[in-house]
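A.B. asks: Just dropping this structure here.
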Amino acid sequence: EENYGNINIFSKNTPENTVVELFKNDIVIRSFELLDTTKVLWIKPGEYRLRAFVDNNQNNLWDAGQIKANKAPEQIKVYKEVINIRKNWDIDLIISPP
């Protein structure tokens, strides 16, 4: 347990079905539902980034739009900040939803 870090994410007015992806080098490491308070446990030390999207069709994947079907893409937000996870540390993040 002491070899991993944790993230506490705080968000207000989070839309239903908001999914957050923790990724490193364009590879999704962890995916989870964003609530007003979300705790992500047991993350290996390293540098990560976050992106969040509103999963309208609840398939846990971001869906691009379809021009022929006149369907807009799901809202997505990529956060610019790099998150540095350290051993035995908790990081508090305050984010705005997409």
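A.B. asks: Select from segment 62-86 the residues that are of a type in the set (S, T, N, Q), outside any loop (DSSP other than H, G, I, E, B) and touching a residue at least 12 places away in the same chain (Cβ under 8 Å) and list them in ascending order.
C.D. replies: Across segment 62-86, the qualifying residue is only N84.
A.B. asks: OK, next. Collect the residues in segment 46-77 that are of a type in the set (G, A, S) and either under 12 Å from the mean Cα position of the chain (by Cα) or farther than 30 Å from N3 by Cβ (or both), keeping them in residue-number order.
C.D. replies: A52, A64, G65, A69, A72
A.B. asks: Checking the conditions here, which among D92, D55 is open to solvent by less than 70 Å² (accessible area, probe 1.4 Å) and modelled with pLDDT of 95 or more?
C.D. replies: On the way: D92 fails: open to solvent by less than 70 Å² (accessible area, probe 1.4 Å).
Of the residues listed, the single one that is open to solvent by less than 70 Å² (accessible area, probe 1.4 Å) and modelled with pLDDT of 95 or more is D55.
A.B. asks: If you go through segment 1-23, how many residues are assigned to a strand (DSSP E or B) and under 12 Å from the mean Cα position of the chain (by Cα)?
C.D. replies: 10
A.B. asks: Right, another one. Checking L41 against (1) in a loop (DSSP other than H, G, I, E, B); (2) open to solvent by 70 Å² or more (accessible area, probe 1.4 Å), which test does it fail?
C.D. replies: L41 satisfies all of (1) in a loop (DSSP other than H, G, I, E, B); (2) open to solvent by 70 Å² or more (accessible area, probe 1.4 Å) except (1).
A.B. asks: Give L22, L50, L35, L41 a once-over and let me know the one that is closer than 20 Å to D90 by Cβ, in contact (Cβ under 8 Å) with a residue 24 or more places away in the chain and out of contact with any strand residue (DSSP E or B) (no Cβ under 8 Å at 6 or more places or on another chain). Let's see the steps before the verdict.
C.D. replies: Details: L22 fails: out of contact with any strand residue (DSSP E or B) (no Cβ under 8 Å at 6 or more places or on another chain); L50 fails: out of contact with any strand residue (DSSP E or B) (no Cβ under 8 Å at 6 or more places or on another chain); L41 fails: out of contact with any strand residue (DSSP E or B) (no Cβ under 8 Å at 6 or more places or on another chain).
From the options L22, L50, L35, L41, the qualifying one is L35.
A.B. asks: Is it the case, given these coordinates, that N6 is under 16 Å from I94 (Cα atoms) and either touching a strand residue (DSSP E or B) at 6+ places or on another chain (Cβ under 7 Å) or exposed (fewer than 14 other Cβ atoms within 10 Å of the Cβ) (or both)?
C.D. replies: Numbers: under 16 Å from I94 (Cα atoms): yes; either touching a strand residue (DSSP E or B) at 6+ places or on another chain (Cβ under 7 Å) or exposed (fewer than 14 other Cβ atoms within 10 Å of the Cβ) (or both): yes.
Yes; evaluated as a whole, the condition is true for this residue.
A.B. asks: Filter segment 16-29 down to residues that are surrounded by 15 or more Cβ atoms within 10 Å (Cβ to Cβ) and not aliphatic (A, V, I, L, M) and give me whichever is farthest from K80 (Cα to Cα).
C.D. replies: Among those residues, the one meeting the criterion is N17.
A.B. asks: Being under 12 Å from the mean Cα position of the chain (by Cα) and closer than 22 Å to F10 by Cβ is the requirement here; does V82 meet it?
C.D. replies: No; evaluated as a whole, the condition is false for this residue.
A.B. asks: So, of the residues in segment 70-89 that are open to solvent by less than 60 Å² (accessible area, probe 1.4 Å) and among the aliphatic types (A, V, I, L, M), which turns out to be nearest to L35 (Cα to Cα)?
C.D. replies: I83
The values are calculated or read from the model by the stated rules, or taken from the named source; none is laboratory data. Model, not experiment: these values are computed from the prediction. Quick reminder, even Gly has a Cβ in these numbers, built from the backbone with ideal geometry, and neighbours come from all protein chains shown. The accessibility values were calculated without ligands, DNA or RNA, using every heavy atom of the protein model including side chains. Shrake-Rupley method; radii C 1.70, N 1.55, O 1.52, S 1.80 Å.
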